[in-house]
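Heads up: the structure comes next, in structure tokens.
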Amino acid sequence: MERSPAFYTWVSILVVVIGLALYAILMSLIYSLEVFEFSIHVIWVTMVSNYVFLVVSSTGLCIVTSLGHVFGMQRYELIGRRGVFLAFITIIFGMISIGAHLGHPERAMIFNLLTPNFYSAMWWMGTLYTFYIVFIAIEYWLLARPELIERSDQAQGPLEIIYSHMAFRQLDHSRLGAVLKNHKLLQFVSAAALIAGLSAHNTLGALFGHVEARPLWHGSYYPVYFLLSASFCGYSWLLAVSIATYKIKKENIPEDYQSLIFEMAQVLALLLSIGLLFTAYKMGFGLFTPEKVKPIMLFLKGPFSQAFWLFEIAIGTVLPIPILMWAAKQKNIMGVLIASVMVLVGVYVMRYDFVVAAQVYPVIKNSLPSYLPTFMEVLFIGGVLGALFLTYVLGEKFLPLKEERHH
Amino acid sequence: MNKAAKKIGRRHFLKLLAGAYAYATLGSPGLAGAQITRYGKLADTTRCIGCKRCMSACKRWNKLEVERNELVSDRETDLSAQNWVVVNLRADAKNLTQRIYEHWACQHCIEPACAGVCPVKAITKLPMGNVVINEKKCIGCRYCYQACPYKVPRFDFEKRVTRKCHLCYDRIPLLNYMKPACVEACPVEALSFGYKHEMILEAKKRVYKTKNARYILGLKEAGGTDMLTILPTKPEDLGLIVAPKKVVNHNIDKLRVTGAGFMGASALAGFMYTYATLTRGKEKKNRDNSD
């Protein structure tokens with residue numbers, strides 16, 4: 001696959017898509033931010049929903065991988081490297097997405113440090129995600145280091161130098177080198193990443209939950225639901241990406257990996273069922289809360305009903321549950337892949353609806369503002385997702401992402 | 001005269017001074033005490049004739065762009081990064097013959113939700129009462145727009161910052177306590193500016209004396225605002241956004257929401273631990289089989 005024409009075609013398509021996104025960013029810098037998401041009333045749109053989708057996925061991946069490294073479930077260590085690498089790249093591209101949305105991202109970095117507002121959920125989110133990125137990067141490096149050392153031993157020429165630098169081989173004979181080999185350190189860093197990730201994720205939910213002026217967002221529901229949706233997002237990402245990788249590379253999935261995949265499929269089905277209960281609670285509770293009725297009705301009968309019933313409920317939750325159960329029973333890998341991709345599509349649409357619908361109501365004079373993504377915005381989002389996939393493809397080619405084996 | 005001078009001696013004066021200082025630093029209920037020195041703006045919709053001179057004066061003072069036909073009377077205008085004050089014709093839903101010109105701008109909440117959510121403290125409530133955005137600090141996240149119960153701060157796509165009325169904070173103390181540009185420009189005294197407590201009294205007096213004026217917007221909405229508007233009827237009948245009659249985005253509410261999330265996170269960690277513990281046997285069996 002890696003030297004086949006199909007591989008190069010895919011990479012060139014991704015490069016073109018990224019180029020178009022860079023063009024969109026350039027246009028926004030030259031002219032104004034108007035080329036992206038221009039709306040007076042609906043002021044947070046695709047880039048914010050894309051950011052939410054990616055960072056929720058990242059936390060979810062961190063949650064799933066920590067089952068192995070923090071909670072000691074050895075079978076989950078099989079997906080450790082791939083999961084942590086995915087968690088790292090999804091958070092990075094999520095941050096790029098929000099960076100393009102912000103008017104002045106450079107000021108955000110400076111004034112976050114100089115004049116913090118401890119009462120703002122956004123400040124906590126930014127700060128905690130910074131810690132999370134650092135921890136998740138260290139976690140991946142610790143996971144990859146043994147194989148990087150192995151690769152530097154086997155490689156020759158410039159590759160050997162690159163790999164040995166990446167593994168910091170100069171530490172090999174030092175006391176720090178011995179500490180790095182200790183499994184406890186990995187466990188500690190993974191736990192730190194999990195705590196930072198969960199806290200940051202909680203503040204992301206709280207960022208929306210604090211906004212009393214937006215009845216759909218306000219309340220304690222979203223901080224809790226975000227954690228649940230992160231979990232099923234994480235499971236879906238890992239299942240979809242690892243199965244797709246093996247299928248595209250035309251490699252056989254090892255037996256223990258297969259049994260883990262089917263176990264994960266069952267857990268995903270369980271999480272989706274709980275998610276369905278949460279959605280039913282949100283809708284039911286919303287209908288009996290006077291200030292939430294109108295935004296809830298936007299989903300049930302209004303302009304967002306198609307996206308809600310078709311994508312969020314049918315494709316994202318209800319249909320994948322029986323498919324996953326059936327596939328886990330019949331040991332059908334393709335079934336798991338299809339169901340997990342369906343969940344991801346459903347969740348993506350869910351994020352968009354969640355962000356946009358809340359801003360549609362309330363507005364002045366009872367008229368509903370509408371929003372349609374601009375062409376440049378679509379180019380940018382396509383570029384971010386394209387760059388995410390390209391980074392994964394390059395990671396798969398050059399970095400150790402395969403399952404860990406304890407000898 | 002001599003008797004009075006004897007009454008307030010040096011010692012007594014120092015005691016009073018120390019007491020006042022201690023009261024100001026330790027025991028003063030900050031916002032209520034500040035009300036005496038805080039300014040307020042009063043808009044009387046029953047007097048407004050819709051000439052839009054306030055809009056034009058605001059634009060001139062703050063160097064904002066003017067759109068074509070924007071300042072034509074009766075033309076509907078929305079708040080924007082270039083429109084910090086708008087005047088629009090509104091009809092009472094219950095009595096369509098009742099029409100007023102509504103002067104709308106930032107309400108300058110006593111406890112502003114926008115300042116509470118700004119991650120970098122770019123929005124401040126000045127002791128004078130003005131809620132001001134520091135445009136050199138604003139990161140352009142637009143969270144203030146989401147949090148504002150009146151949807152006032154608008155994003156400037158050119159400058160990439162959020163902008164809104166600052167109640168001419170740059171005129172009040174610097175230019176010999178001049179009134180805000182809009183108030184100065186009003187030809188019929190529909191707009192007044194002065195100490196907040198005086199504005200409240202004035203508004204109540206007008207409601208008591210004028211036949212048409214029935215409602216004072218801003219006494220309780222969003223926990224009280226430093227801009228008061230006299231309306232002929234309730235704001236919901238005029239199609240205005242109705243803010244809750246309490247402080248919006250109170251810190252205790254924020255704490256409640258965040259706390260629920262942390263409880264959820266702890267529960268999730270608990271489930272993960274239980275999942276790991278319950279399936280430990282399965283793992284051991286797998287390992288034995290592979291051996």
Hits in region B:129-147 (condition: assigned to a loop (DSSP other than H, G, I, E, B) and either among the polar types (S, T, N, Q) or in contact (Cβ under 8 Å) with a residue 40 or more places away in the chain (or both)): B:129, B:130, B:134
Positions within region B:196-215 being closer than 29 Å to residue B:116 by Cβ and in contact with a strand residue (DSSP E or B) (Cβ under 6 Å, 6 or more places away or on another chain), in sequence order: B:196, B:199, B:203, B:215
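Check whether at least one residue in region B:192-210 is part of a loop (DSSP other than H, G, I, E, B) and away from chain A (no Cβ under 14 Å), and report yes or no.
Keep residues of region B:192-210 that are part of a loop (DSSP other than H, G, I, E, B), which gives B:210.
Still in the running and away from chain A (no Cβ under 14 Å): B:210.
Scanning region B:192-210 turns up at least one residue that is part of a loop (DSSP other than H, G, I, E, B) and away from chain A (no Cβ under 14 Å).
Yes or no, residue by residue, for (1) within 14 Å of chain B (Cβ to nearest Cβ); (2) touching a Leu at 6+ places or on another chain (Cβ under 6 Å); (3) assigned to a loop (DSSP other than H, G, I, E, B); (4) over 26 Å from residue A:248 (Cα atoms):
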position: A:40; (1), (2), (3), (4): yes, no, yes, yes
position: A:54; (1), (2), (3), (4): no, no, no, no
position: A:58; (1), (2), (3), (4): no, no, no, no
position: A:72; (1), (2), (3), (4): yes, no, yes, yes
position: A:75; (1), (2), (3), (4): yes, yes, no, no
position: A:81; (1), (2), (3), (4): no, yes, no, no
position: A:97; (1), (2), (3), (4): yes, no, no, yes
position: A:110; (1), (2), (3), (4): yes, no, no, yes
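Just one of A:287, A:277, A:260 is closer than 27 Å to residue A:313 by Cα, of a type outside the set (Gly, Ala, Ser) and crowded, with 19+ Cβ neighbours inside 10 Å; which is it?
Values: A:287 fails: crowded, with 19+ Cβ neighbours inside 10 Å; A:277 fails: crowded, with 19+ Cβ neighbours inside 10 Å.
Only one candidate qualifies: A:260.
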Residue in region A:113-128 that is within 23 Å of residue B:257 (Cα to Cα), surrounded by 22 or more Cβ atoms within 10 Å (Cβ to Cβ) and among the aromatic types (Phe, Trp, Tyr) present: yes
Enumeration of residues in region A:18-58 that are crowded, with 20+ Cβ neighbours inside 10 Å and touching a Lys or Arg at 6+ places or on another chain (Cβ under 7 Å): A:33, A:43, A:44, A:49, A:52, A:53
Odd one out for residue A:173, checked against (1) loosely packed, with under 15 Cβ neighbours inside 10 Å; (2) at pLDDT 90 or above: (2)
Region B:75-114 - residue that is within 25 Å of residue A:34 (Cα to Cα) and within 11 Å of the chain's Cα centre (by Cα) and, of those, surrounded by the most Cβ atoms within 10 Å (Cβ to Cβ): B:114
Single residue of B:260, B:222 found to be facing chain A (nearest Cβ under 10 Å), within 30 Å of residue B:103 (Cβ to Cβ) and not in a loop (DSSP other than H, G, I, E, B): B:222
Top-ranked residue in region B:159-176 [being assigned to a loop (DSSP other than H, G, I, E, B) and without any contact (Cβ under 8 Å) to a residue 60 or more places away in the chain; ranked as nearest to the other protein chains (Cβ to nearest Cβ)]: B:160
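The values are calculated or read from the model by the stated rules, or taken from the named source; none is laboratory data. Note that this is a predicted model, so its numbers are computed, not measured. Neighbour counts run over all protein chains shown; Cβ positions are idealised from the backbone, glycine included.
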